[in-house]
Each structure stands twice: as C-alpha cells, then as structure tokens.
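The values are calculated or read from the model by the stated rules, or taken from the named source; none is laboratory data. Here the structure is a predicted model, which means the values were calculated and not measured. Virtual Cβ from ideal backbone geometry, glycine too; neighbours counted across all protein chains shown. Ligands, DNA and RNA are excluded from the accessible area calculation, which covers all protein heavy atoms including side chains. Shrake-Rupley method; radii C 1.70, N 1.55, O 1.52, S 1.80 Å.
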Amino acid sequence: LPATMTSNCFGLATSCMAVCVIAVIVSMLCWRRILRMFDHIAEVSGAVSAGDFERRIMLPREGGIVGVMVSRINDAFDAADAYIRESTAAFDHAAQEKYYRRIVLTGMQGAFHRGASTLNNSIDKVRHNMLAAMQRAAVKLESAVKDALNALQDSSQQLSKTSGVLSGVADDGS
C-alpha cells in the first residue's frame, strides 16, 4: 500500500477510535447522571412512603418523558398529601363535635374522591345519629320530668287530703 493511503487509514482509524472513546466517556457521564436522578427519585419516594409529604422530586432541568414522569409522581404525592390533610382536619373537628368541617373534594379524583365522599357521608351520618340520640334523650327527660311532676302533684294532693283529715280530727277533738 502506498504510504499516503496507509497514513490516511491510520488517521481514519485514530479518528474513529477517538470518536469511540469520546462516545464512551459521554455515555458514562450520562449514565452517572441517570443513576443520580434515580437515586434522588428513590430517596424522595422512600421519604414520602414513610409519611414525609413535604418532599417532592426536584429535577428542574429534566424535560421530555422524564419531566412528565417526575411531574406525575409529584402529582400523586400531592393528591395523597391533600387527602390525608383534609381527612385529618375533618375528623379532628368531628371528634370535637364540630360536624360542619367537611373534606374539600375540589381537585380530588378517582379513589381519593370516592374515599373523601364516603368519609364526608360518614361524618354526616354521625351528626345525624348524634342529633337523633339527643332528641331521644330530650324526649326521655321530658317524660321523666312529667312523671316526677305528676308524682309530686299526686303527693301534694294526698298531703292536702291528709292535712284536711287531720285538721278535721283536731277540730273534733277540741
């Protein structure tokens, strides 16, 4: 082979090797970036599953399908956070016999909406049952007071008769 051809082939091979080395280095850097991103997602997801609903996956430079995925994961965290905060607030109020505080359904979808609606209906039923129990207790109290008043009136009448009899006996004896 002529020297120029050999030199050109060697130069081409060297260029190809350089491109391959650069491609491997770039691939390794991208892989490390992907691994850091997955570590962050795993760490935040673990914290949220342990109850730390203040955490969110923060990957602001990610776009495309990764950005959409991160946004949807954070949306799921937001939905669970809202459900827990709302239901806790509503039941804290119900425990204090304040039944007006309902779970806000705005923005809740699917199982979150169905669950929140069920809990709101349950609070309404508890309120209704409490009112019905209070009405039954009021009716019983009214009946007991009437019975006591009737018994007192009967006793008063009996005492009046007895007093009249005693007064008559006293008059006859004097």
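Of note:
- With the simple model of a label 7 Å out from the Cα in the direction of the Cβ, Asp171 to Tyr100 spans 6.5 nm.
- Residues in the chain average 75 Å² of solvent-accessible surface per residue, probe 1.4 Å, ligands and nucleic acids excluded.
- Karplus-derived HN-Hα couplings along segment 57-63 (A = 6.51, B = -1.76, C = 1.60, θ = phi - 60°), whole Hz, x at Gly and Pro: 7, 10, 10, x, 7, 7, x
- Listed by chain and number, the lysines whose C-alpha is less than 27 Å from the C-alpha of Lys161, apart from same-chain residues fewer than 8 away, are Lys146.
- Distance between modelled label sites at Ala76 and Ala151, nm, 7 Å Cα→Cβ extension: 6.6 nm
- Where labels lie 7 Å past Cα in the beta-carbon direction, separation of Glu142 and Val24 in nm: 9.3 nm
- Estimated vicinal HN-Hα couplings, Hz - segment 128-142 in sequence order (Karplus 6.51, -1.76, 1.60; Gly, Pro = x): 4, 5, 5, 4, 5, 5, 5, 5, 5, 5, 5, 5, 5, 5, 4
- Whole-Hz Karplus values for segment 30-39 come out as 4, 4, 4, 5, 5, 5, 4, 5, 5, 4 Hz, taken residue by residue from phi with 6.51 cos²θ - 1.76 cosθ + 1.60 and θ = phi - 60°; glycine and proline positions read x.
- Taking the 1.4 Å solvent-accessible surface of segment 27-174 as the whole, the part contributed by carbon and sulfur is 60%.
- Highest-fluctuation residue, Ser156, Ser117, Ser87 considered, GNM on the chain with Cα pairs under 10 Å: Ser156
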